[in-house]
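The structure under discussion appears below in the form of structure tokens.
The values are calculated or read from the model by the stated rules, or taken from the named source; none is laboratory data. Being a predicted model, the structure only gives us computed values, none of them experimental. Reconstructed Cβ throughout: ideal geometry from the backbone, glycine too, with neighbour counts over all protein chains shown. When the accessible area is computed, the model is the full protein with side chains, heavy atoms only, and any ligands, DNA or RNA have been set aside. Shrake-Rupley method; radii C 1.70, N 1.55, O 1.52, S 1.80 Å.
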Amino acid sequence: ELVADKSVILDIGCGTGSLAFALAQNCSRITGIDISPRMISWARKHNQYPHIAFVLSGGNSLPADVVSQTFDYCVLKMVLHEMPEAKRQDLIREAHSIARNLIILDWIAPQPAGINGIMTWFFEWLAPQEHFANFKQWQEQGGLDGFMERCHLRAAHEQLFENKAGKIVTVCC
């Protein structure tokens, strides 16, 4: 509902392509990128849409063929907390330069008291050590709200996840 019909989308951290597939009927073109060869392979194998492309990223920056395009929306779903701060800010600068709008979904800080916050910490703890270290830094620095403030981003729309552990934010570029 946050994405206008016939939009051109860049899905950063697309994983298996589930978001791209969900948006396929309403968008004119979708590019999903991910650093995982396994995830990109799965997404490509299950892609039934000619207007969706999946691109493997080297991880240090967006691929050159992606940066040369423009997008109506760039979606970053649960990827920022996984990376070091400098890389987060570089990625947002790149995304901001090629998209009219950013949609960011990520964890808030502090996590809510109770089972939802405990489960977030537990599942992040199960991730590889570097991922968990980056998640802890994300939490210490104020989660998504702290990141938005450090990057001087203003939310046009925001909504908490149903479990209150994360937030969806739309930023107009």
Return one number: the angle in degrees, 0 to 90 and rounded to the nearest 10, between the long axis of the Cα atoms of helix 85-98 and the longest principal axis of the Cα atoms of the chain.
30 degrees
With both partners inside the chain, how many of the DSSP beta bridges are antiparallel, as a percent to the nearest 5?
40 percent
Under 10 Å, Cα contacts only: if you run a Gaussian network model on the chain, which one of Ile30, Ile104, Ile115 comes out with the highest mean-square fluctuation?
Ile115
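Using unit Cβ charges (K, R positive; D, E negative) and no other charged atoms, how large, in debye to the nearest 20, is the dipole of the chain about its Cα centre? Let's see the in-between values first.
On the way: 15 positive and 18 negative charges, 58 e Å.
So the magnitude is around 280 debye.
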Which value, in Å², gives the accessible area per residue of region 16-60 when a 1.4 Å probe is used on the protein heavy atoms?
58 Å²
Set the Förster distance to 22 Å, then compute FRET efficiency between Ala127 and Ser61 from the Cβ-Cβ distance, nearest 0.05.
0.45
Acute angle (nearest 10 degrees) that the helix 37-46 long axis makes with the longest principal axis of the chain, alpha-carbon atoms:
50 degrees
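How much of the accessible area of the chain, in percent, comes from carbon and sulfur atoms when a 1.4 Å probe is used? Provide the component values of the computation, followed by the final result.
On the way: 5030 of 9160 Å².
Summing carbon and sulfur atoms, their accessible area is 55 percent of the total for the chain.
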With r defined as the distance between the Cβ atoms of Ala24 and Ile118 and R0 fixed at 45 Å, what FRET efficiency is calculated, to the nearest 0.05?
0.80
Tell me which residues come under 5 Å, amide H to amide H, from Phe71 once H is placed; ignore anything under 5 positions away on its chain.
Ala99, Arg100
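Do any chymotrypsin sites (Phe, Trp or Tyr not before Pro) in region 102-173 lie in a loop, going by DSSP, with at most 13 other beta-carbon atoms within 10 Å of their beta carbon, and if so which? Show your work: numbers first, answer last.
Numbers: sites: Trp107, Trp121, Phe122, Phe123, Trp125, Phe132, Phe135, Trp138, Phe147, Phe161; in loops: Phe161.
For chymotrypsin sites (Phe, Trp or Tyr not before Pro) across region 102-173 that sit outside H, G, I, E and B with at most 13 neighbouring Cβ atoms in 10 Å, the list is empty.
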Against the longest principal axis of the chain, how steep is helix 115-126, in degrees 0 to 90 to the nearest 10, with axes from Cα atoms?
70 degrees
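Can you give the extra length, in nm with one decimal, that the chain gains between Arg154 and Ser97 once fully stretched, where that is 0.36 nm per residue apart less the Cα-Cα distance?
On the way: separation 57, 0.36 × 57 = 20.52 nm, distance 1.55 nm.
Once the chain is fully extended between Arg154 and Ser97, it gains 19.0 nm.
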Across bins of 10 angstrom width beginning at 0, how are the C-alpha pair distances of region 1-136 distributed, in whole percent?
12, 40, 34, 14, 0
Would you mind checking the pairs Lys87/Lys136; Lys45/Lys77; Lys136/Lys167; Lys45/Lys164; Lys87/Lys164; Lys45/Lys167 and listing those with alpha carbons more than 23 angstrom apart?
Lys45/Lys164; Lys87/Lys164; Lys45/Lys167
GNM on the chain, C-alpha springs below 10 Å: top fluctuator among Leu19, Leu160, Leu126?
Leu126
With Cα springs under 10 Å, the Gaussian network model of the chain assigns the largest mean-square fluctuation among Gly32, Gly114, Gly59 to Gly114
